[in-house]
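Before we start, here is the structure in question, set down as C-alpha cells.
The values are calculated or read from the model by the stated rules, or taken from the named source; none is laboratory data. Predicted model, so just to flag it, every value in this text is computed and none were measured. FYI the Cβ positions are ideal-geometry reconstructions off the backbone, even for glycines, and counts take in every protein chain you see.
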Amino acid sequence: MGIKYILLLFLLTPLLAPLVFAESSLHLDIYLYINVNDTVKLLNLSILLGPEIPLFYPEGNFTFQIFSRNNQIVYQRNFSVDFVILSEPPVFTNETIIFLSVPLLPNMQTIRLLKGKKLIFEENIEKFLCNHNTKCENFENFYSCPDDCPSGSKDNVCDALRDGRCDPDCAEGIDPDCGIQNKISRLTLIILIGILGLLLLAVVILILIKKRTKAAQISDSWIQPTFSQPWER
Ligand SMILES: [Ca+2]
Ligand SMILES: [Ca+2]
C-alpha cells in the first residue's frame with residue numbers, strides 16, 4: 001500500500017465518516033511511522049464513527065498489539081512492512097507509514113509494535129484520546145473525548161449532528177447546521193446587494209435631477225433677456 005494512499009485515507013476518513021457509515025459503532029485508526037532502523041513514531045490516532053476499515057497487509061514479522069488496562073492483549077495483528085515505493089522502477093526507502101484500523105474495544109490502553117520478538121514501540125494511548133482538561137487537543141475528538149471536544153469543535157472530525165452548531169470540520173452540505181447558516185448568509189448577501197442597488201439608483205436619479213435643473217436654469221437665462229427695439233427708444 002502506497003504512502004500517498006495512506007495519506008489520502010488520513011485526510012478523508014474523518015471528513016467522510018458521517019456519509020459513509022450509517023451505523024453507530026466506533027473504530028480506532030492508528031498511523032505509525034516506521035524507519036528501517038526500527039525507530040517508530042505515533043503519527044495519528046483517532047476514534048471515528050463506523051466499523052474499522054479493512055486493509056490488506058500480508059503476514060510478516062511485525063506484530064501490532066493492543067493491551068487493556070489489566071494488561072491483557074485485546075487485539076493482535078501480524079503484518080509485513082516493505083520499505084519500497086512501488087513505482088517503475090521500484091524505489092527503496094528508509095521509512096514508511098503503516099495504517100491500522102481496529103474495532104473500538106473497552107479498556108484499550110497501550111499499543112505495542114514488535115519486530116520479530118523485539119519490542120520496538122510502546123505507548124499508552126489513553127492520555128492522547130482524552131485527558132479531561134476541558135481543552136480539545138492532541139488526538140482528542142468528539143468521539144474519543146466529548147467532554148473536551150463537544151459537538152461542533154474544531155477537532156478534525158465532522159460529527160454532522162443537528163445541534164445548532166456548524167462543525168468547521170464538515171465539508172459543504174454535510175452538517176445541516178452549516179446549511180442553515182449558509183442560507184442565512186446568502187439571504188444577507190442578497191439583502192446587501194439589494195440595498196446597494198437601491199443606493200446606486202438613488203444616486204443616479206439625484207444626478208439626473210441635478211442635470212435637468214441645471215439645463216432648465218441655462219434655458220431660462222437664454223429666454224429672459226429682452227432687448228429694446230429701435231422705435232421704442
Ligand atoms: Ca483535553
Ligand atoms: Ca469537529
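Within region 141-156, can one find any residue that is in contact with a helix residue (DSSP H, G or I) (Cβ under 6 Å, 6 or more places away or on another chain) and farther than 24 Å from GLN65 by Cβ? Before the answer, list the steps.
Filtering region 141-156 for residues in contact with a helix residue (DSSP H, G or I) (Cβ under 6 Å, 6 or more places away or on another chain) gives 144, 156.
Adding the requirement that they be farther than 24 Å from GLN65 by Cβ leaves 156.
Checking region 141-156: at least one residue is in contact with a helix residue (DSSP H, G or I) (Cβ under 6 Å, 6 or more places away or on another chain) and farther than 24 Å from GLN65 by Cβ.
Taking the condition of a type in the set (A, V, I, L, M, F, W, C), in contact with an Asp or Glu (Cβ under 8 Å, 6 or more places away or on another chain) and within 14 Å of ligand 1 (Cβ to nearest atom), does CYS149 pass?
yes
If you don't mind, another one. Whether any residue in region 126-135 is within 16 Å of ligand 1 (Cβ to nearest atom), without any contact (Cβ under 8 Å) to a residue 12 or more places away in the chain and not hydrophobic (A, V, I, L, M, F, W, C) is what I want to check.
yes
Quick check on this structure: which one of GLU122, GLU140 is more than 14 Å from ligand 1 (Cβ to nearest atom) and within 15 Å of LEU43 (Cα to Cα)?
Unique residue meeting the criteria: GLU122.
So PHE99 passes all but one of these: (1) without any contact (Cβ under 8 Å) to a residue 12 or more places away in the chain; (2) away from ligand 1 (no atom under 16 Å from the Cβ). Which condition number does it fail?
(1)
Please enumerate the residues belonging to region 65-85 that are surrounded by 15 or more Cβ atoms within 10 Å (Cβ to Cβ) and assigned to a loop (DSSP other than H, G, I, E, B). Show your work before the answer.
First, the residues of region 65-85 that are surrounded by 15 or more Cβ atoms within 10 Å (Cβ to Cβ): 65-68, 74-75, 79, 81.
Correct list: VAL81 only.
Among the candidates ILE111, ILE120, ILE174, which residue alone is farther than 15 Å from ILE30 by Cα and over 23 Å from the mean Cα position of the chain (by Cα)?
ILE120
Taking THR96 and the conditions (1) more than 18 Å from LYS41 (Cα to Cα); (2) polar (S, T, N, Q); (3) surrounded by 13 or more Cβ atoms within 10 Å (Cβ to Cβ); (4) away from ligand 2 (no atom under 16 Å from the Cβ), which numbered condition does it fall short on, given that it satisfies the others?
Checking THR96 against (1) more than 18 Å from LYS41 (Cα to Cα); (2) polar (S, T, N, Q); (3) surrounded by 13 or more Cβ atoms within 10 Å (Cβ to Cβ); (4) away from ligand 2 (no atom under 16 Å from the Cβ), the one that fails is (1).
For (1) more than 30 Å from GLU172 (Cβ to Cβ); (2) surrounded by 12 or more Cβ atoms within 10 Å (Cβ to Cβ); (3) at pLDDT 95 or above; (4) of a type outside the set (Phe, Trp, Tyr), each residue gets a yes or a no:
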position	(1), (2), (3), (4)
SER24	no, no, no, yes
THR63	yes, yes, yes, yes
SER87	yes, no, no, yes
ARG112	yes, yes, yes, yes
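Do you know which residues across region 153-168 are within 7 Å of ligand 2 (Cβ to nearest atom) and over 16 Å from ILE47 (Cα atoms)?
Scanning region 153-168 gives ASP167, PRO168.
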